[in-house]
């Protein structure tokens, strides 16, 4: 009986202490593979799609971490300065967008206007490891028969806010 009380008491201390460690000492990073559309042929008169995966990682230096965390993940406007995004190749532009869903209806942004962010919550648990969450982003270039040949790109900043 005393053994169980000690374990329970220790567990409660670890939970309280770990939550403070998470808030005070964690530096989380976001890594992503590029949303690479490959070669886009404007004469196909069809859309081109791709996916990208990004991961939010919170490296654990030592100990045990058990915490219930909520995050909101937002996406910048990129070159366009609006959520009607485009990639550039010199002065040329190629429209595209990033979506939360594979039906390409929920434009990823900062949650304002008609854009969506990604909200996630759950228990982060690690024993000398790296707690992480992974998400898929869906990209789509609509049909653009007048597109000019070139190598197009855009830079999107992903921001993770812990709540």
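Points worth noting:
- Residues satisfying the stated conditions in region 86-101, i.e. closer than 23 Å to residue 159 by Cβ and not in a strand (DSSP E or B): 96, 100, 101
- For residue 115, the criteria (1) touching a strand residue (DSSP E or B) at 6+ places or on another chain (Cβ under 8 Å); (2) farther than 16 Å from residue 53 by Cα; (3) loosely packed, with under 14 Cβ neighbours inside 10 Å; (4) modelled with pLDDT of 90 or more hold in every case but one, which is (3).
- Residue count for region 55-92, restricted to those that are in contact with a helix residue (DSSP H, G or I) (Cβ under 8 Å, 6 or more places away or on another chain) and modelled with pLDDT of 75 or more: 4.
The values are calculated or read from the model by the stated rules, or taken from the named source; none is laboratory data. The structure displayed is predicted, hence computed values, not measured ones. Ideal geometry is used to build each Cβ from the backbone, glycine not excepted, and the neighbour counts take in all protein chains shown.
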